[in-house]
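Beneath this line is the structure, given in structure tokens, with notes to follow.
The values are calculated or read from the model by the stated rules, or taken from the named source; none is laboratory data. Since we're looking at a predicted model, the values are computed, not measured. For neighbour counting, all protein chains shown are included, and Cβ atoms are generated from backbone atoms with ideal geometry for every residue, glycine included.
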Amino acid sequence: MARILITSALPYINGIKHLGNLAGSMLPADVYARFQRARGHEVLYVCATDEHGTPAELAAAAAGQDVRAYCDEQHALQRDVGAAFGLSWDWFGRSSSPENRALTQAFAEVLEDHGLIEERTDRMIYSIEDKRFLPDRYVEGTCPICSFRPARGDQCDNCGSLLDPIDLIEPYSAVSGSTDLEVRDTRHLYLLQTKLQDKIRAFIESRTDFPALTRSIAMKHLDEGLIDRGITRDLVWGVPVTRHGAPRPGFETKVFYVWFDAPIEYIAATQEWANTTGGDWERWWRVGSEDVRYVEFMGKDNVAFHTVSFPATLIGVNEKQEKDGTWVPANDAPWKMVDQLKSFNWLNWYGGKFSTSNRRGVFMDAALELLPADVWRWYLTANSPENADSAFTWEQFQNLVNKDLADVLGNFVNRILKFCETRFEGVVPEGGAPGPLEEALYADLSEKLAELTAQMEAIEVRKSVQALRAIWVLGNEYLTEAAPWTAFKTDKDRAAMIVRTGLNLVALYARLIGPFIPFTAKIVAEAVGETQATAWPSDDARAELNRLEPGRPVKAPEVLFRKIEDAQVAEWSERFGGSQ
Ligand SMILES: [Zn+2]
């Protein structure tokens, strides 16, 4: 039995996420976690809401709420909708937890002790009316390059130039609209990533099985050269900055930058889990974590932070540099670093992006009002933005759901169970022996089972779906060719053999679909009298198709999947946006 630690990128706190967020991190992480649990491995899957930063402050203000109360409410919403989608987190934490505050402060202290943090003076825009420094994107004005207005302080949307907010012409606060701004000096902490550059590159090069997308993003940043990164901000909502366990002088109105504390929450969320459940967080992250395989899931926009910034934090905590330049271990129990980083491209909405303000695309809560979670889970896995961006369209969604789930899987399960009910009194029939058709099925299916397991292990999402579909097709072809309804008229033993094989296929399918469509898996398992959670099957199809004992009662479930009608597609296109 192996031990596998799984994290998916932390969803930001401001609002329910759209289906693209789900497809590119949380859902594939859940499929993988469920698969590895079914394989009998010890799995810990943690996620959390990312709660700090200016957007949370502004969203709370817009809602007329205290930021803590706002985050409490939004966290509960995201947790509940995730659970309704079947996301099987062992813990869904919060980056605003006491655990994360303590750990973030402790890491910063160690980094500074190791000579990897220093204080510098920045010149930033201060809004007198807002009584705050404004982060880059909260200063707007006229672009000094192309005269476009409003250009954001970090970048002009018109000409694409990267900007410094100080260079904007006639700047104003995006928070209040005030033009009463001035440039002030402010002190900030910098993480000296330049000192860690070679160590980070060596770390990335040691992870030879990172997917191409992950590697290319990491190497692009390393090849461009890392810069020292500001890790504090002039904000109230966040982790307070300390030194030697007390508020850091001059930093009383500053907090750590959200991108410094958010990845640390992976560890802190495990501490939250341990503090609540009595689990042992250290054996996942420190003492005893040597044999843990740590797998991260995320969209491509998060890869740089997880291949460069977060490793910089952990390397800097784990090791320190001697005067002669060599690095030595800094503690007896180094913190676990990522072993596999599965990254995803974008799921788009037709040709463009999902957008809340323009009413484009379906968000997680609205999706569940339309259809059961499994329908979405299947579509989003089958259409995973894995090796390229993919696009949601209602037409493709309808086609895929109707074909895969209704026509192939749902039809197979219902057809064989109904036949068993009418011809064999709803029990697994006895009699007959495997013939050439069954022998061929055993051989073909064994091969396909091995293929599916291999693709699941490799976290090849689309290839896993293809392998699973191929197994469904085998079952359908077998049933069509064996034709128990014909055999029943002339050779009842032969018909019993076929039906028994068909029912065993149903039981096998229940186990194979568990990671993808867990709610349906449970219904299908119960239909063939499998009440216990069942393990991932072996590659031995002969054994797997002779599991159900004759005499066991079975019962056809209600229709598993209703077909999506053209009228529904028309209605949903109107409501959520479509090709127009
Ligand atoms: Zn411009």
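Some observations on this one:
- Among the residues examined, V524 does not qualify as among the β-branched types (V, I, T), surrounded by 14 or more Cβ atoms within 10 Å (Cβ to Cβ) and in contact with a Gly (Cβ under 7 Å, 6 or more places away or on another chain).
- Residue check for R286: touching a residue at least 40 places away in the same chain (Cβ under 8 Å) and touching a strand residue (DSSP E or B) at 6+ places or on another chain (Cβ under 6 Å): no
- Qualifying residue in the stretch 210-224 (condition: in contact with a helix residue (DSSP H, G or I) (Cβ under 6 Å, 6 or more places away or on another chain), modelled with pLDDT under 95, charged (D, E, K, R) and not in a strand (DSSP E or B)): no
- Condition check for P249: within 16 Å of the ligand (Cβ to nearest atom), farther than 17 Å from L111 by Cβ and at pLDDT 95 or above: no
- Residues that are of a type outside the set (A, V, I, L, M) and within 20 Å of F260 (Cα to Cα) were ranked within the stretch 193-213; the one that is surrounded by the fewest Cβ atoms within 10 Å (Cβ to Cβ) is T194.
- Of all residues in the stretch 163-178, those satisfying the criterion of being within 12 Å of the ligand (Cβ to nearest atom) and modelled with pLDDT of 90 or more are D167, L168, I169.
- Hey, E530 free of Cβ contacts under 8 Å to residues at least 24 places away in the same chain, among the acidic types (D, E) and part of a loop (DSSP other than H, G, I, E, B) or not: yes
- Cross-chain or 6+ apart pairs with Cβ under 6 Å, the stretch 144-162 first and near the ligand (Cβ under 7 Å from one of its atoms), then among the small types (G, A, S): I145/S161
- Checklist (1) over 23 Å from R101 (Cβ atoms); (2) surrounded by fewer than 20 Cβ atoms within 10 Å (Cβ to Cβ); (3) modelled with pLDDT under 95 applied to A59, failing item: (1)
- Candidate set: the stretch 331-377, residues that are among the aliphatic types (A, V, I, L, M) and part of a strand (DSSP E or B); chosen: the one modelled with the highest pLDDT: L341
Quick grid of which residues meet (1) without any contact (Cβ under 8 Å) to a residue 12 or more places away in the chain; (2) buried (at least 16 other Cβ atoms within 10 Å of the Cβ); (3) under 17 Å from E99 (Cα atoms):
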| residue | (1), (2), (3) |
| --- | --- |
| Q271 | no, yes, yes |
| A274 | yes, yes, yes |
| H306 | no, yes, no |
| V317 | no, yes, no |
| E322 | yes, no, no |
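- Residue selected from the stretch 553-580 under the condition under 10 Å from W394 (Cβ atoms) and of a type in the set (S, T, N, Q), by the criterion surrounded by the fewest Cβ atoms within 10 Å (Cβ to Cβ): S579
- From the list R137, R187, R120, the lone residue that is within 28 Å of V308 (Cβ to Cβ), touching a residue at least 12 places away in the same chain (Cβ under 8 Å), more than 12 Å from the ligand (Cβ to nearest atom) and assigned to a helix (DSSP H, G or I) is R137.
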